[in-house]
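The values are calculated or read from the model by the stated rules, or taken from the named source; none is laboratory data. Please read these numbers as outputs of a predicted model, since none were measured by experiment. Cβ placement follows ideal geometry from the backbone for every residue including glycine, while neighbour counts extend to all protein chains displayed.
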Amino acid sequence: MDAPPARPHAPRPLGRRAAPVTWALAAANTAIFALVLARGDPRDPDLLVRLGALERGRIWAGEVWRLVTAAFLHGGWQHLAMNVGALLLAGVIVEGPAGWVVRPVAETYVEAERGAPSATVSGLGGVIWRLSPRVSADAAVRVATVLGNGVVEVRAGLTWDLPF
C-alpha cells in the first residue's frame, strides 16, 4: 500500500509565532511607554533622563545601562508608533523564514549634496509577493521630504529572474 502524497508545506503567516523576539520587543516598548505616561509627560526631557534616557555625561560617569534603556523610551505616541512599526517590519524580515510567499520590506534613505539647502529623507514600507520561483510582484508606499517639501509615492512593480 502506497503512502498518501505529501502535502506541500504552507508558508508561515506574518504573526507572533514567526517572529517572537520582535513581538516581545514591541510589547516591551509599548509597556514601558505606558509606564512613562503614568509618571508624566513623555515629552518632558527631565522625566526621560530620570527614566534612563541618553545623556553623554552620565554615560561617561559610569551609567552605561542608559545605552540599553534609552532604546525603550519614546517622546510621544508618534515616536512610539514609528519605532514599533519599523521594528515589526524589520524584525519579521530578520526572524522570518526565507520560504515565505509574502515578505515585508522597509528602507530608509538620506541624501545630502554639498551646498544644498536641505537633505532628501525618505522611508518606504511595502511587501513583495513571490508569484513563482522566478517572478515576484511588489507594492510599497514611500514618504519623503525633498528640499523641505513632503512627497508621497505609491509604487508597484514586477521583478523576474533572467537566466544570465
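So the values come out like this:
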| quantity | calculated |
| --- | --- |
| Glu111 being within 16 Å of the chain's Cα centre (by Cα) and either in contact (Cβ under 8 Å) with a residue 12 or more places away in the chain or under 23 Å from Gly125 (Cα atoms) (or both) | no |
| Residue among Gly85, Gly62, Gly76, Gly91 that is surrounded by 11 or more Cβ atoms within 10 Å (Cβ to Cβ) and at positive phi | Gly76 |
| Filtered residue count, segment 120-164, keeping only those that are surrounded by 11 or more Cβ atoms within 10 Å (Cβ to Cβ) and of a type outside the set (Phe, Trp, Tyr) | 29 |
| Cross-chain or 6+ apart pairs with Cβ under 6 Å, segment 28-44 first and in the same structural domain as Ala70 (by TED's automatic domain parsing), then of a type in the set (A, V, I, L, M, F, W, C) | Asn29/Phe72; Asn29/Val84; Ile32/Phe72; Phe33/Leu80; Gly40/Leu47; Pro42/Val36 |
| Members of segment 32-82 found to be touching a helix residue (DSSP H, G or I) at 6+ places or on another chain (Cβ under 6 Å), in a loop (DSSP other than H, G, I, E, B) and more than 24 Å from Thr22 (Cα to Cα), listed by number | Gly40, Glu55 |
| Hits in segment 33-82 (condition: among the β-branched types (Val, Ile, Thr) and more than 26 Å from Thr108 (Cα to Cα)) | Val36, Val49, Ile59, Val64 |
| Residue, nearest to Leu87 (Cα to Cα), within segment 133-164, restricted to residues that are aliphatic (A, V, I, L, M) and at pLDDT below 80 | Val146 |
| Test result for Arg130, at pLDDT below 95, in the same structural domain as Val146 (by TED's automatic domain parsing) and more than 20 Å from the chain's Cα centre (by Cα) | yes |
| Residue list for segment 47-59, filter: charged (D, E, K, R) and either surrounded by 10 or more Cβ atoms within 10 Å (Cβ to Cβ) or touching a strand residue (DSSP E or B) at 6+ places or on another chain (Cβ under 9 Å) (or both) | Arg50, Glu55, Arg58 |
